[in-house]
1. Taking the stretch 55-65, which residues are modelled with pLDDT under 90 and in contact with a helix residue (DSSP H, G or I) (Cβ under 9 Å, 6 or more places away or on another chain)?
2. Say we look at the stretch 83-99 and pick out the residues that are part of a strand (DSSP E or B) and in contact with a helix residue (DSSP H, G or I) (Cβ under 8 Å, 6 or more places away or on another chain); which of these is surrounded by the most Cβ atoms within 10 Å (Cβ to Cβ)?
3. Taking the options 52, 68, 80, name whichever one is assigned to a strand (DSSP E or B) and in contact with a helix residue (DSSP H, G or I) (Cβ under 7 Å, 6 or more places away or on another chain).
């Protein structure tokens with residue numbers, strides 16, 4: 001686990017987010033995908049930045065990308081970001097992005113037709 005991810009995880013736990021560990025082999029990939037859909041997405045600094053709206057699974061059964069809907073108050077300015085494997089960590093009930101909230105705000109959204 002990257003040092004930044006460990007800091008993010010510590011921050012989320014300190015903020016009161018309780019994440020259960022998933023024992024090896026305890027959940028199927030379908031369970032993991034279902035649990036990830038709609039999950040809260042947190043920046044490495046602990047700020048909630050969006051919700052997962054889509055999950056992509058590779059041929060080897062690993063989550064290799066997530067799409068995250070981010071936005072501002074009352075849904076104005078919402079957009080969808082595609083995050084590739086390696087830029088996030090899937091935890092039980094949440095996704096942590098390896099970037100602070102300010103950096104996530106600067107990412108380019110996925111075009112509407114994709």
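1. 61, 62
2. Ranking the candidates gives 97 first.
3. 52
Table: residues versus (1) closer than 15 Å to residue 98 by Cβ; (2) modelled with pLDDT of 90 or more.
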residue	(1), (2)
4	yes, no
15	no, no
20	no, no
36	no, yes
51	no, yes
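The values are calculated or read from the model by the stated rules, or taken from the named source; none is laboratory data. Predicted model only: the values in this text are computed from it and were never measured. Glycine gets a Cβ as well: all are built from the backbone with ideal geometry, and neighbour counts include every protein chain shown.
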